[in-house]
1. Given 283, 247, which one is surrounded by 21 or more Cβ atoms within 10 Å (Cβ to Cβ), closer than 29 Å to residue 102 by Cβ and at pLDDT 95 or above?
2. With the requirement that a residue be under 17 Å from residue 328 (Cβ atoms) and under 22 Å from the mean Cα position of the chain (by Cα), what does segment 249-287 give you?
3. So, in segment 37-82, exactly how many residues are free of Cβ contacts under 8 Å to residues at least 60 places away in the same chain and in a strand (DSSP E or B)?
4. Kindly check whether there is at least one residue in segment 300-308 that is touching a residue at least 40 places away in the same chain (Cβ under 8 Å), surrounded by fewer than 17 Cβ atoms within 10 Å (Cβ to Cβ) and not in a helix (DSSP H, G or I).
5. Counting only residues that are under 20 Å from the mean Cα position of the chain (by Cα) and at pLDDT 90 or above, which one in segment 292-308 is farthest from residue 190 (Cα to Cα)?
6. Of the conditions (1) over 27 Å from residue 119 (Cβ atoms); (2) touching a strand residue (DSSP E or B) at 6+ places or on another chain (Cβ under 7 Å); (3) surrounded by fewer than 20 Cβ atoms within 10 Å (Cβ to Cβ), residue 271 fails just one. Which one is it?
7. Exactly one of these conditions fails for residue 324: (1) in contact (Cβ under 8 Å) with a residue 24 or more places away in the chain; (2) in a helix (DSSP H, G or I); (3) surrounded by 14 or more Cβ atoms within 10 Å (Cβ to Cβ). Give me its number.
8. Inside segment 177-186, can you point out the residues that are surrounded by 13 or more Cβ atoms within 10 Å (Cβ to Cβ) and within 22 Å of residue 85 (Cβ to Cβ)?
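The values are calculated or read from the model by the stated rules, or taken from the named source; none is laboratory data. Because the structure is a prediction, the values reported are computed rather than measured. When we count neighbours, we look across all protein chains shown, and the Cβ atoms used for this are built from the backbone with ideal geometry, even at glycine.
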């Protein structure tokens, strides 16, 4: 009797998970406040020849209009789909779920130290942080297992209703005519649009170069899982006909000084650095080791690595030159 009960429970859980997986993605696409859904909408309504995927560093540092002009492209041909706290896992979710062709598209992927940092600490609060909710909603089970502990991954799979809460609310708002409109582009960083917010960010000591490094790089642990997913994403893009290119953003020197100050942290980072060098043997890598290498000064930065509007425009023009120099961009 007990085995029948267990078998019924397993079968029921499997059925619920299967049905949930079938309805999750269509409902997720209705949520106009979801970061991935917004980016999929923007991507699918354009026919870009160049797409940028990365974190807030790319989000602030890549100006599609300036970069397109420097490359002789139309503005709508260049899309910056990067966003705050996004990682290789989010980039992968966009590629896997997009109803768009990647053939002949140049996909520029951000690659920075924390991309390969496997610790589970919040970069500002330095507290254990919950898995990113956007990632939890969009990622396939095998990716959630790689990022989360097994129990939370199983819970997210066995209880799909938890993943559907926000999209169901979005669907209800859409049906009632009270939901937000789809944005035409990915919104710019607030501090590019609001001078007051820019000044507040500059005055926040948590974002000082030395301070941020103690959070982002504290307890640095090289993550083979993140590296493996990056390699998998690159292989997947190539199989779809895309040309992946890696870019390391120019960060403040004190960001790296903190890494080398501790032998254990330095050793972990050295493992990541070696992996990056090995990856660069098979994937084009444009590397900026400091602001000067990208033609930038401290006046172009908001903090340790995020560029202001002026810096973003200047960096985009420089990056356009370096991208063209690879000889890998598709013909116009």
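1. Numbers: 283 fails: surrounded by 21 or more Cβ atoms within 10 Å (Cβ to Cβ).
Answer to the selection: 247.
2. So in segment 249-287, the residues under 17 Å from residue 328 (Cβ atoms) come out as 279-287.
Those that are under 17 Å from residue 328 (Cβ atoms) and under 22 Å from the mean Cα position of the chain (by Cα): 279, 280, 282, 283, 284, 285, 286, 287.
3. Total satisfying the criteria: 4.
4. If we filter segment 300-308 for residues that are touching a residue at least 40 places away in the same chain (Cβ under 8 Å), which is where we start, we get 301-308.
This time we only want the ones that are surrounded by fewer than 17 Cβ atoms within 10 Å (Cβ to Cβ), so: none.
Within segment 300-308, not a single residue is touching a residue at least 40 places away in the same chain (Cβ under 8 Å), surrounded by fewer than 17 Cβ atoms within 10 Å (Cβ to Cβ) and not in a helix (DSSP H, G or I).
5. 307
6. Failed condition: (1).
7. (3)
8. Taking segment 177-186 and keeping what is surrounded by 13 or more Cβ atoms within 10 Å (Cβ to Cβ), we get 179, 185-186.
Correct list: 185, 186.
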